[in-house]
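Read through the structure below, which is laid out as structure tokens, and then see the notes.
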Amino acid sequence: MWNVRYTDMYTRKGIMTKNAGCTGPYSHAVDAGDYVFLSGQTPIDPATGDVCEGGITEQTRQSFSNLFNVLAEAGLSSDNVVKVNVFLTDMDNFDAMNAVYQEQFTAPYPARSTVGVTGLCGGALIEIEMIAKR
């Protein structure tokens, strides 16, 4: 009945940018048509490959910078973000992260989950992932 194979409809299209850190075999994002799924970004400084200096405020800003560079590579902006997942190694950093988060978006804000985790790569204090809609 259908002439389109499942694999034709759902082929992954990876998105990479030199302006975000990458520490493994994954795409910075995958374009799935109407949606773009962004991999989690830790606060890696793309110039050095290391976690940026500073505390949760600086690390949150660097994570968002990396993510927004990936969005730009996909032809999108923060206005396209519909869901954000935040991972914190210390939930005592929630208020400081939240202050930076609020600067990144305008109302209505994307849906969000914030989860406490026991550790992140490179000793990062935060990792953020997003879903954007075209």
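Worth a mention:
- Residue within segment 36-43 that is open to solvent by 20 Å² or more (accessible area, probe 1.4 Å) and more than 16 Å from GLU129 (Cβ to Cβ) present: no
- Selection within segment 93-134: residues that are in a helix (DSSP H, G or I) and among the polar types (S, T, N, Q). The member of this set that is nearest to TYR35 (Cα to Cα) is GLN104.
- Qualifying residue in segment 109-132 (condition: under 22 Å from ALA29 (Cα atoms), of a type in the set (Lys, Arg) and either out of contact with any strand residue (DSSP E or B) (no Cβ under 9 Å at 6 or more places or on another chain) or open to solvent by less than 50 Å² (accessible area, probe 1.4 Å) (or both)): no
- Checking SER78, SER65 one by one, the residue that is at pLDDT 90 or above and in contact with a Phe, Trp or Tyr (Cβ under 9 Å, 6 or more places away or on another chain) is SER78 and no other.
- For segment 51-84, taking the residues that are among the β-branched types (Val, Ile, Thr) and open to solvent by less than 20 Å² (accessible area, probe 1.4 Å), the one that is farthest from ALA111 (Cα to Cα) is identified as ILE56.
- TYR6 of a type in the set (Ser, Thr, Tyr), at pLDDT below 95 and open to solvent by 90 Å² or more (accessible area, probe 1.4 Å): yes
- Every test in (1) open to solvent by 40 Å² or more (accessible area, probe 1.4 Å); (2) at pLDDT below 95 is passed by ASP95 save one, and that test is (2).
The values are calculated or read from the model by the stated rules, or taken from the named source; none is laboratory data. Worth saying up front: this structure is predicted, and the values here are computed from it rather than measured. Reconstructed Cβ throughout: ideal geometry from the backbone, glycine too, with neighbour counts over all protein chains shown. These accessible areas exclude ligands, DNA and RNA; they are computed on the full protein's heavy atoms, side chains included. Shrake-Rupley method; radii C 1.70, N 1.55, O 1.52, S 1.80 Å.
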